[in-house]
Amino acid sequence: MSNRVLITGGAGFIGSFLTDHFVAAGHQVRVFDNLDSQVHPTGRPTYLSPDAEFIEGTVRDTQALIPALDGVDVVIHAAAAVGVGQSLYKVQHYVDTNVGGAAALLEALIERKQPLKKLIVFTSMTGYGEGVYRRPSDGKLLRVQARTQEDIQRWGWDVVDSATGEALEPQPTPESSALLAQNVYALSKRYQEELALSLGELYDFPTTCLRLFNVYGPRQSLSNPYTGVLAIFLSRLLNGQRPVVYEDGRQSRDFVSVHDVVRATALAINSPLSNGGVFNIGTGIARPVAEIAITLAKLVGREDLEPNMTGQFRKGDIRHCTADLTHSRDMLGFQPVATWQETLQEIIDWSSTTTKTDQFQQVDQELRKHGLVS
């Protein structure tokens, strides 16, 4: 059955692939996006499907959202300000956009007084902070608070049991894990999630939150220095600069292809078992950050540009967190299928068609100015 789908942030990296998917599946798609200059410096992207209706507006504007919601069956809330580091000094922008934007959308849904098949909200794995760890001496699973400079000076880069100094082993992190992160971006996505689930239950619009891990793929801006570590590394390499890696490079991330995020979204929309639920969308595979820089350098033929290992700590960064997909697999039928190699090659191929301005140095200076790198 055909749905009428509203995608906030539908001109963005993930949103545009969702737009393509639902248009191709025969649905009526309406995109609502403010074309933020940090993400879209040249305006509406050429890759955005011409078969989708486009409305330019901000998700913080309830009055603009009410007509955008008219006749809509499914809402996918993908609009967000993204960037852990930047959120620590542009606090108002992140809270206004992520929390205020979610609040405005929810208020508009309440005001329109029409039935809704599904609200999908993209939240973030950053809310976990450090993932689940196992203590080898007794097998006990533990959660730890964010590392501090003092922790690193005492114990080194890896996460340890502070009582004994025993090194802990990273484990997959399930949705039942407490949300311990304290950076502004993570908090804003956490509040977004709680608002959506609470009001969805209260006003009876089925709501599902997808906790996205590190999404990668083509169309991820190579000029936005807050877009994600993989795109930042690639932009550096394509501009003849060495990728900059904090710590010792062994910290890991769980990268999920944008194509798998689209699949997960479609599964969640069509599954009544997802109503009121939260689901990890990742791969469960930990990839060391330095290895990513080395792999990208090989793919673009710049193996001479070895990672610049700074040995410095960036406040707000975690050491390890990977997705436990048991719940997503059992309830949604989700299993990642896109391969690392294929999606990386897609990114490399796409990079030849887009602007790639290296702004890493500017961001690094901002972080240092605010005392966030040491």
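Coordinate-derived values only; no laboratory data. Computed from a predicted structure; not experimentally measured. When we count neighbours, we look across all protein chains shown, and the Cβ atoms used for this are built from the backbone with ideal geometry, even at glycine.
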By the mean-Cβ-within-10 Å protection proxy, highest first, 139-145, 171-177 rank as 171-177, 139-145
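If contacts are Cα pairs under 8 angstrom and at least 6 residues apart, what is the relative contact order of the chain in percent?
Contact order relative to length: 17 percent.
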With 0.36 nm assigned to each residue of separation and the Cα-Cα distance removed, Asp304 to Val91 gains 72.9 nm
XL table Lys189/Lys369; Lys90/Lys356; Lys118/Lys189; Lys90/Lys140; Lys140/Lys189; Lys189/Lys298; Cα-Cα > 27 Å flagged, in table order, is Lys90/Lys140; Lys140/Lys189; Lys189/Lys298
Subtracting the Cα-Cα distance of Ser162 and Leu142 from 0.36 nm times their residue separation yields 6.1 nm
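Subtract the Cα-Cα distance of Asp204 and Asn275 from 0.36 nm times their separation in residues, and report this length gain in nm to one decimal. Please list the in-between numbers first.
Working: separation 71, 0.36 × 71 = 25.56 nm, distance 1.02 nm.
Length difference between fully extended and current span is 24.5 nm.
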Along principal axes, largest first, the alpha-carbon spread of the chain in whole Å comes out as 57, 47, 38
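Determine the sum of side-chain charges near Val373: Lys and Arg each +1, Asp and Glu each -1, restricted to other residues whose C-beta is under 13 angstrom from that of Val373. Walk me through the numbers before you get to the answer.
Working: positive: Arg314, Lys315, Arg368, Lys369; negative: Glu247, Asp317, Asp364, Glu366.
That sum, taken over residues with Cβ under 13 Å, equals 0.
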Tilt, helix 360-369 to longest principal axis of the chain (alpha-carbon atoms), in degrees rounded to tens, equals 70 degrees
Once phi for every residue in the range 35-49 is put through the Karplus expression 6.51 cos²θ - 1.76 cosθ + 1.60 (θ = phi - 60°), the whole-Hz ³J(HN,Hα) values, with Gly and Pro written as x, are 6, 3, 5, 5, 9, 10, x, 10, x, 4, x, 5, 7, 5, 4
For 100-113, 209-222, 358-371, ranked highest to lowest by mean beta-carbon neighbours within 10 Å, the order is 209-222, 100-113, 358-371
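Only bridges whose two residues both fall in the range 4-369 count here: according to DSSP, what percent of them are antiparallel, nearest 5?
Numbers: 8 of 43 bridges.
That works out to approximately 20 percent antiparallel.
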Under the rule rounded for a/c under 1.5, else prolate if a/b exceeds b/c, else oblate, using alpha carbon gyration tensor axes a ≥ b ≥ c, the range 261-374 is classed as prolate
Computed from the beta carbon distance with a Förster radius of 30 Å, FRET efficiency for Gln241 and Val337 to the nearest 0.05 stands at 0.35
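Which FRET efficiency value, to the nearest 0.05, is calculated for Glu194 and Thr355 with the Förster distance at 45 angstrom and r the Cβ-Cβ distance? Numbers along the way, then the final one.
Details: r = 37 Å, r/R0 = 0.82.
For R0 = 45 Å, the calculated efficiency reads 0.75.
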Residues meeting the amide H criterion for Val132 (H placed from the backbone, H to H distance under 5 Å, 5 or more places apart or on another chain) are Gln171, Thr173, Thr322
Between the Cα axis of helix 184-203 and the main Cα principal axis of the chain, the angle (0 to 90°, nearest 10) is 30 degrees
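R0 = 30 Å: FRET efficiency of Glu169 with Gln312, Cβ-based, nearest 0.05?
Values: r = 25 Å, r/R0 = 0.83.
For Glu169 and Gln312, the calculated efficiency is 0.75.
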Residues whose modelled amide H sits under 5 Å from the amide H of Val121, counting only those 5 or more places away in sequence or on another chain, are His77, Thr208, Cys209, Leu210
